[in-house]
Structures are given as C-alpha cells and as structure tokens.
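Laboratory data are not the source of any read-out in this text; all were calculated from the coordinates shown. If you're wondering where the values come from, they're calculated on a predicted model, not measured in any experiment. Ideal geometry is used to build each Cβ from the backbone, glycine not excepted, and the neighbour counts take in all protein chains shown.
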Amino acid sequence: MIDLVWLIPAFPLLGFLTLICLGKSVREPVAGWLATTAMAGSFLSVLIVFIGMLLEKNENRQTVFTLFDWIPAGDFKVDIGFLADPLSITMCLFITGVGTLIHLYSIGYMHGDPDFNRFFTYLNLFAFSMLMLVLGDNLLLTFLGWEGVGACSYLLISFWFRDPSNATAGKKAFITNRVGDWGFMVAMFLIFFNFGSLQYLEIFDILESNQIAKTTTTFIVLMLFVGAMGKSAQFPLYLWLPDAMAGPTPVSALIHAATMVTSGVYLLIRVNPIMVEASTWSTGLIAWVGVGTALFAASIAVAQTDIKKVLAYSTVSQLGYMVLAVGCGAYTAAIFHMITHAFFKALLFLGAGSVIHGMNGEQDLRRYGGLRSLMPITAGTFIIGWLAIAGVPPFSGFWSKDEILAFAWNKSPLLWIVGVITALLTAFYMTRQVILTFFGKPRYLDAGDAGDAGDAGDAGDAGDAGDAGDAGDAGEIKPHESPWTMTLPLVALAVLSVVGGLIQLPFSSSTKRLEHWLEPATFHNETHLHLSSSTLWVLALLALVSVVAGIGIGLSTYLKEKIDKQIFEKTILNNAWNFDATVSRFMGGPGSKAFAAVAKFDKQVIDGAVDGTGQIVKKTASILRRSQNGLVRTYALGIGIGAIGLLIWFLTRTTI
Amino acid sequence: MNLIIAASSSATFPVLPSLLIVPTAGALVVAFLPRARKDLTKLVAVIFSTTTCALSLWLLSDFEYENHSDMFQFVSRQSWISDFGISWSFGVDGISLFLIVLTGILFPIAFLAVDPEHNDRSYFAWMLLLEAGVMGVFCSLDLILFFLCFEVVLVPMYFLISRWGHGNRSYAATKFFLFTMAGSALMLVGIITVAFLHADNVGGSVTFDLVEIAESQSIAQGTARWLFLTFALAFAVKIPIFPLHTWLPDAHTEAPTAGSVILAGVLLKLGTYGLIRFGLYLFPEASHFFAPVFLTLGVVGIIYGAVVAAMQKDLKRLVAYSSIAHLGFIVLGTFALNTEAIVGSVLQMVNHGISTGALFLLVGMIYERRHTRQIDELGGLQHSAPLMAGFFTVVMLSSIGLPGLNGFVGEFLILLGTFTAHRWWAVVATLGVVLAALYLLWAYQRVFHGPAEKENAEITDLKTRETLVLLPLLALIVFLGVYPKPVINRMENSVKTLVVHIEKHVSGFEEPVNRHSLGEIKIDTQQLEEGH
C-alpha cells in the first residue's frame, strides 16, 4: 500500500492539467468541484499509504520510490523519487486534509469571481508543488516543490492583479523568498561538494560512517536556515508575509498559514542528522531567531486593525515557536505545533474570510462588532480557534505550545521567559480580535466613519472577498452567515482544533504517539528533556497563568473597557516597529539609486567609450582627409619628403 | 584520421554539408523568385527551413552516444584549397549537436511567427543565408571554414537590422558590424599563425584541421596563450562579455522581431560555442591559465547585466541586458573546467535560446499591438490578453530559473560545478538568481498587472497562429525542465572527453570533483541497502 505514494501528488497534478486544458470552457462551480475532487483523491491516497505504513513495523516505515532519473550529469545525479516515511506522510496528511477543506471552502468564497477557474488551477498546482516538497527524496526535488509553491504563492497573492498593491505584494513575496533560496542553493552546493549526493538517506548514511568537520555541517545548517527564514517568514525575511494577505483569504489560510510557510521548519527537521552534527551556537542562533521573531510579531499583532493582518503577524509569531522548537532539538514538538497550528490557524483564517464575505469585503476590525448572533457558526468556530491558539487547555494549541516551552526551558530559561511573554501577548491580541469582531456594539452601521481610531491605516487595502465587486459603500452592509461549502470546513477544522492535542500528550511514554511515530525520521536525534515532572508541572502552570492573564487583560480592555486601549495600540506597533518602512525606504532610496548609478555607468562610461572611439576616428579621419586634396603638388611634396626621409634613415643606418 | 573513417561509414548521406547547402539553396531560390509571385516567398522560405530542421532532427535521432568512441560523428571531408590544407571538413559531437537542432527549430518558428513589413524576398533570402552561416559555424572542423562562416553571419544580420529594424537602426547595425568585425579581425591572424606554427613544429604541410592541431598541442605555451587571446577576443565580443557588450542592447532593440529571436537564440551562442571548441579544446593550457579572468568576468556579467536590466525603460532592452546576465552564467560554467559545469553551460546555451527566443517573440507580439516597447506606456495587459500573459509567465519563470522548467537545470549544473571548482565565484553568482526575479517580475508587473487604460485595455489576445508558434517552445521549456536526461546523456561524453583532453595537456590540472568522487568520503553501501 505504501507503493501508492506516487498517487498523492499525481491527483492534484492531474487536476491542474485538466483545468489548464479545459480553460474557460467549463462553467463556474465545475472547476471548483474538479479541483476539490482532485484534492480529496489525494487525501484518500495519503490515507491508504498511512494505513499501509501503520501496518508495517517501525523499522520498515521508510521507503524510497524512484520514478526516473531527473538530472544526471558527471558525478551528479538526482532522481524524481519519493521518500515515504512517517514525517512526509504526516505532512501529507494535514496538507491534503486541510487542503481539501480549503478547496471546498473556496467554491463558496470565490463564487462570482470572473477568474474562478484560474484560481482553482493555481490552487491545484500549489497542492502538487507542496506535496513534491515534502515527498521529495532529495534536496533538489524538495527545492523544486519549494520554488513551485513560491511561484504559486506569487500567482495567488497577485491574483486580483488589477490592484497595483496586490501585484506589488506578490512580487515582494517572490523576491524576498529568493533571498532565502540563495541560502538553500548554497547549502545544496556545500552538501554535494562534501557528500557527493543530495539524496537524504545517502547523506545521512555518509554522516554516520564518516568524519565530517563541524564547520562544514554548521555552515550547511546556517545556509539552510537562511532558506527557512525566507519561506517560514523569520526575522528579517518575514517582511513578505503580512503583505501576502493581499491574496484571496482561502490562499492566506492554505498557503500563508497552514502549509507553505511551514516548509522551512520541515526542511530543518528533515535534515535533523545534519542539525545534530552542527555546533551548538548555530542551533542556539536558530532558537533565538525563532523566539525573537515570535515576540516581535506578537507585539505587532496587538495593534493591527485589519482582521487578516492580525492573523498574519500571529502566523509569523507561531512560526517563530516552531523554529524555536527546531533550535532546541525538539523536532516532534515542532511538527506537533505545525499540525495544531494548521488546524486552528486555517480555521481562524477561514473564519475571518467568512466574516469578510458576510461583511461585503470589509476587513477593518474597528467596523465590526456584535457579529456573534448574525454569524453563529462562524462565531462559534472562531471562538474555538481563539481558545486553541491562546493555549487554553484542553484545546490543541495548549499541548503543542506547552511542549515547545518545556524544551525551551531545557535549553535556556531565558528562551522560556521570552516564549511565555509571547504566549501572554498571543492570548491578549486574539482576545482583542474576537471581542472586536463578535462582541460589543455593531460598529458597521456608522457609515463613512472609520471607527474611533484616528488613522484608517490598513482599511485602504481591503479589496478582498470574491464577490466584493458590488461592495460599494460600507453603509449597506447586511452581515449574513456563509453558505454550507464555507461553514462545513469551519466546523471540521474546529473539531480538529479541539481534539488535535490527542496525538501527543505528555503524560506517559505511551501517550506520546507522535514522537514514536516520527522516530524513523528523527533517528533518535531528539534532545532529551532533563526535567523532573514537578518542574514540568510548574512550567505548564506558569504558562497557563500568563495565558489567563493575557485573556483577562484583553477582556477588561475590550469587553468591559476598564483599561484604555490606547495603552496597547501604539502607533509604532501598528507600523510594525517601522522595520518594513525602513527597508522600503532603503530599497526605494539608496538601493534604487545604486542600481540607477550602474545603469548610468553603462550608458555613459562603457557605451560612451565606444561612441567616443567612433568620434575620435571620425575626427582623425576628417583631419587626414585634407591630405587627400587631389593636388599633384601636395602629393609630389609628400613623395619628396618621404624620399629624403628614407635617404637619411638609410645613411644613418649604414654609417653606424 | 581513424576517427574520420570510422564515422563516415555510418552515414552515407552527407547530412552536415546539406545543413549548409539547403538553406543556401533556399536563399538563392527565394532571391530569384519571379517578382510577380510574391505570395510564394514565405512558403518557399518555410519549406527550405523546415527541411533544414528535419535534417537536424535526423541528425539528432542518428546520433550515437553510447559505446561511441569517436569524438566527432557524421564526419565529412572534401579537399578544398589543398595547397594550404584547407578543406570542407564537418563533424558533430554532443556539444554542437543541440545547437544545430536549436538552430533548425528556431528558424522556421521565426519565419512563421513574423512577416517582414516590406521587401519579402530579400528578407527571407538574408535569413536563410544567416541560417546557413550559423549551421556552418557549429559543424566546421576546419579553422578557415569556421572563420568564413563566423564572418558570413555578420552580413545578413547587418542588413536585417539596418533594413527591417526600428528607429535607430542604422546606428545599431553599424555598431554591431564594427564591433564584431573588429573582434574577429585578430582571430584571422590567430588562425593563420596557429596553422603555420603547427606545420613548423610538427613538420609536414600546412593544415587547418581543428582536430589535428588540437590533438597535437605542438605550439609553445607562451605563444599559445597569446594566440588564445586573439580567439577569445572575437568570442568575447560575440557573447558578449562585459565590458564589450554595448552593441547588444542596441542591436536587439532595433532589430526586427525575428532578428532579435535569432540574435539571442543562436548568434550569441557562436561566441560561447567558440570558447569551448576553439578555446578549451584548441588551447587547453591557455584556457586554464586565463580561467580566473573569465570566471570573474562571467560573475561580473551576471550581476551587472541584471542590475542594468532592472533599470531599463524599454522592454526589449531589458531582455537584451538579461541575456548578458544569462550568458555570464554560461561563461562561468565553461571556465569552471569540470563536467557538471560545462554540461550545464552547453545546456544553458540551448535553454537560453528557447526561453529568450520565446521572450522576444512575445515582446514582438506586444509591439505589434501597441506599437510601443516603453514599459511606462504599457500596463494591465493581462486584463484583455490573459493567454498572452499566461505564456509570458511561463517563459519568464523559465528565465528566472524555476525548477521544473528548462532554465533551472542548466543554471544549477553551472553553479554546482563552479562551486566544486571555485566556491566563492559560485556563491556570488548565485545572487544573480535573486536579481533575475527582481527585474523580470518587476517588468511583468508593470506590463501585465495593474489597471488597464485606453489602448492597453483593448488589445487582442493571442491569435491561433501566434499560439501555435509559441506552443513548441513552451513544450520544450517544460520537457527540458522535467526530463533533461536524454539531452544531457548526448552531451556528457563529449564534455568528458574534452575535460580529459584538458587534463592531459595541462600539467598539474585535475578535474575539480566533489569529495566523494575524490574518495575522501565513503558510502557504506551495505548499510544503505539495509536502510532501504
């Protein structure tokens, strides 16, 4: 049954090709259902492979299937081949599972869009690339998926290309990611140079039977981390992710929350045998970048007014947790959090999409309020998502976050402290979002006035929601619940967000199911916790206290309005610590000036030299042509002078 | 000598000479068509060019790459000016094979894609003569024959630019002609000197036979280095290598669409092909000696071309500068002097021909509709021309080097091989990958995205003919990205032979390979099998 692994990416590829060939010849819902069916087929294949793998013994759960040689040149050779092991199949499970739900959701969400078919074509291509990324049995095939998802992300962010800001956001995403890709490529060169192969299992075997210098492995890890920083939006390459919200909301849920952005984390976990050979300062650096990004992004999320921007910064922050886990050597915890995050963040994004859909494209939190009764399913599921991400037991987010924090303490208590502060902020900003959206007085009735906060900041780049065409002025908003294609995925994801924690409970060795399951891929390289169970209880309790504090402050600020919200909603936080603006200013200023200077150099110096040479030849020629004046006298004079000159030369030569 | 006999027995039909003869004959037929039958001109041109294409494909199918010990295949040789040892000597190996096929494919496409605005007969005649010249360069195994073809190419191109070009065409045509002419003048001196020095050193009569001269390596080291430079200068102008590149943007911008397609697709490769065949093969020691210079110029070209491309306001000029960056990769790979990198370079010559050819066709189609190439004046084209936007996107992604499309394979092999040999050059060159995304996506955004106004909102999408012309290129872009193996297999042996040739003639040089191939790293195969 594991042999069927090739079916997993084949389904979305087939869907993509079919949609390309059909073009505009099919009417609206058909393309959506076709794409969704392809995804569902892929999900079923994953299930079959998964069951097949469960039936195998632990040591037989790692299989390579080679389809054909891809690039064989000289000593270099890579295949199109799949590595089916618990890690890749786990990834496939939530990619295709959540993917199918989001495809289904999109049928409702994209209803009425003139480019409905194009949307699903891209979505299937994305799913195919993402599955290639996780199933690839070598780094180059992973890179193929890696770039493929990047390209799809570009195409989908700039999907509504008529708005220049969407187009800019798409371009920014691709280029920022390319900076990370530079690191990925250099890492592959280093690996090939030192190991002679890019195939994961070969690399791991070589690592085991040879002495590889620590500097080499450290550099490889650092370069791969540069790649991961791009895809998984870590500081300072996170810049593209908040802008990526310009894409349709299902895209934000699928690509920019649940799947693509986790591929950096996946990559680092996939190469865990190299990670453990790298020096500790490099993994320490990874942990610190992760936790730093988590705190940084959480602080920004506190003051965002766009419902999707809050979730975007929240995603950056949660990815920071996963990177922290990787840096601490807690690979299972990272995957665990990746899975629970895929559930609750997809849920939150789809919920936000449902709200935006019901509000005719409005994205400003300040113009929501009291939507709970008008959108009961959306509100109910969103609240579950809130409790899950905030880390309230027994929801899934609590378990995965708790495990990461325990490993952070194990590595350094400082990391733990920063992580707990982030948890507090997370609980706070999510409470704020839920209250502003679903509770309190409805504010969307105050037409024209963009809430009470002075600057209408992010409200400008709304333009979201498939049928926003007839949005018109906000005055006529009649909030309504979304169709079943949209609410069904919400309910499914809400259930998963509640029970997701069951796959890895910390109580005893037998409840750590995910850890055992992943062993064939983590090769016992996980860090071991050297903490007593009483320490773990105290840590969990303290983390819980911070979560409760965060929710409490949030409630008293936004629901009971006992605390002035201006204390938290600082302009500098709304402007993301001005980091993005500074980078943009540099690119637009000195950066583009430097480019222009090079172009000017080309035009004036290099081309100038060529034209200058032409001019000199012309001038010289125009002087010389005077000698050719057609007068015999002049020519005779020339001959005479020449003859005398020759004579003198001849005489001097012979006398000496 | 034995190699010539062995190969000629396998092919009785002189397929290589016919690659020159057919287009030349076509040029003559077109030129002498009755004035009244103007309608036949294009048809005749297409027939002759597709025949040439068919011949090149026949060559491809009959080319043997397994168990073939001879360096060149399909060798055919006729004495020409026997007093000076000049002969009609042709042969093909894995390095020239795909450039011949590329030429064969691109010409009919260029014919079908665009019609000249006036003087059809002379236009098609010049184009066919151009094809003959290009084929000649890729097939010649005689230095004089090679030089003749190399120079013959200039004349049709000059007329194509100056008669059917745009605005500033006579400036561009003259610049193109003078630049390349000046570059290759010294090469003639070099060729004659090489032949006579070889005859002196080996004894016997003068010969211009490439294989004989290259295999004997009889010329003294110092002299050979100087002679290498005379060749390298001609090629450097043709490629073009920074800082000899300024003829290219002008020629590209002013040339008619078909001219740009051929110029970028095939003509630039005369230079990079020359560097391999008449650089590395003829002067291995000098190539090795000067490699750092060319590696550096290659990297400079990659970064410089990309930066200048980003600032261009004219779409065609932008693509022209992007060519400089791409050709920088090819130069880099060539002088890394190992199998992966050189295979990557040869592959990239083909890839660049396909992608940039398609890109120029698309820019030409935009120009036909909007009569402008100024990026500022375009915008929102995707609105009314989604199919064109789709084609442009795929071609652009191929040019950016997206894995799964053709551009990536060559670029990756070049960088991988270069890293093995000279890691820091590769690390810097890889930055070119970031910059390529920058200038192309930015251009795409300004041309296709955003709101469409006035004329931009009303342009027509691709016509059936245009789609059909682009489809084969698109198919190649995908095929070479997904399954480049058959192409690489046919190139690889020739490249390996070349690298061995360099190793043999450069004392102390060994092909730079990875640590595993060096034997420093060992795989425990038994354990590996258990692991599976």
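Tabulated data for the structure shown
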quantity: Whichever lysines have a C-alpha closer than 25 Å to that of A:LYS57, once near sequence neighbours (fewer than 8 apart) are set aside; calculated: A:LYS512
quantity: For the protein assembly as shown, size of Cβ-based charge dipole, Lys and Arg +1, Asp and Glu -1, in debye; calculated: 2700
quantity: Burial ranking of peptide ranges A:557-565, B:190-198 (average Cβ count within 10 Å, highest at the top); calculated: B:190-198, A:557-565
quantity: Cα-Cα over 19 Å, subset of B:LYS175/B:LYS316; A:LYS309/A:LYS560; A:LYS231/A:LYS593; A:LYS345/A:LYS478; A:LYS309/A:LYS570; A:LYS172/A:LYS309; calculated: A:LYS309/A:LYS560; A:LYS231/A:LYS593; A:LYS345/A:LYS478
quantity: Those lysines that a straight Cα-Cα span of less than 28 Å connects to B:LYS38, excepting residues fewer than 8 apart in one chain; calculated: B:LYS463
quantity: Cβ charges +1 (Lys, Arg) and -1 (Asp, Glu), total dipole of chain A, debye; calculated: 2000
quantity: Prolate/oblate/rounded call for the range B:441-510, Cα gyration tensor, a/c under 1.5 rounded; calculated: prolate
quantity: Listed residue (A:VAL310, A:LEU490, A:VAL598) projecting farthest to the positive dipole end of chain A, Cβ model; calculated: A:VAL598
quantity: Amide H contacts under 5 Å for A:ASN525, placed H, 5+ residues apart; calculated: none
quantity: Hits among aspartates and glutamates - C-alpha to C-alpha of A:LYS618 under 17 Å, sequence gap 8 or more where chains match; calculated: A:ASP607
quantity: Under the Karplus curve 6.51 cos²θ - 1.76 cosθ + 1.60, θ = phi - 60°, whole-Hz ³J(HN,Hα) for the range A:171-185, x wherever Gly or Pro sits; calculated: 4, 4, 4, 5, 5, 4, 5, 5, 4, x, 4, 4, x, 4, 5
quantity: For the range A:408-418, Karplus couplings with θ = phi - 60° (6.51, -1.76, 1.60), whole Hz, Gly/Pro x; calculated: 4, 4, 4, 7, 6, x, 4, 4, 4, 4, 4
quantity: Packing rank of B:330-336, A:543-549, where each peptide gets the mean count of other beta carbons within 10 Å, highest leading; calculated: B:330-336, A:543-549
quantity: Gyration tensor verdict on the protein assembly as shown (Cα atoms; rounded if a/c is under 1.5, prolate if a/b is larger than b/c, oblate otherwise); calculated: prolate
quantity: Computed lengthening from A:LEU631 to A:GLU28, 0.36 nm per intervening residue step minus Cα-Cα distance; calculated: 208.3 nm
quantity: For A:ASP306, residues with placed amide H under 5 Å, excluding near neighbours; calculated: A:LEU365
quantity: Note, ³J(HN,Hα) from phi for the range B:366-380, Karplus 6.51, -1.76, 1.60, rounded to Hz, x at Gly and Pro; calculated: 5, 5, 4, 7, 10, 6, 8, 10, 5, 4, 4, 7, 9, x, x
quantity: Lys, Arg +1 and Asp, Glu -1 on Cβ, resulting dipole of the range B:15-521 about Cα centre, debye, nearest 20; calculated: 1080
quantity: Distance from the range B:482-497 to the range A:156-171 (C-alpha centre basis), Å; calculated: 40
quantity: When the convex hull of its Cα atoms is projected in every direction, mean area for chain A (nm²); calculated: 44.2
quantity: Cut-off under 5 Å, modelled amide H: who pairs with B:LEU462 long-range; calculated: B:LEU387, B:MET388
quantity: Residue (of A:GLY612, A:SER622, A:ILE641) at the positive-pole extreme of the range A:606-655, dipole from beta-carbon charges; calculated: A:ILE641
quantity: Furthest towards positive pole of dipole, B:ILE303, A:PHE407, A:GLY183, structure part the protein assembly as shown, Cβ charges; calculated: B:ILE303
quantity: Calculated FRET efficiency for the pair B:THR460/A:HIS480, C-beta based, R₀ 45 Å, to 0.05; calculated: 0.65
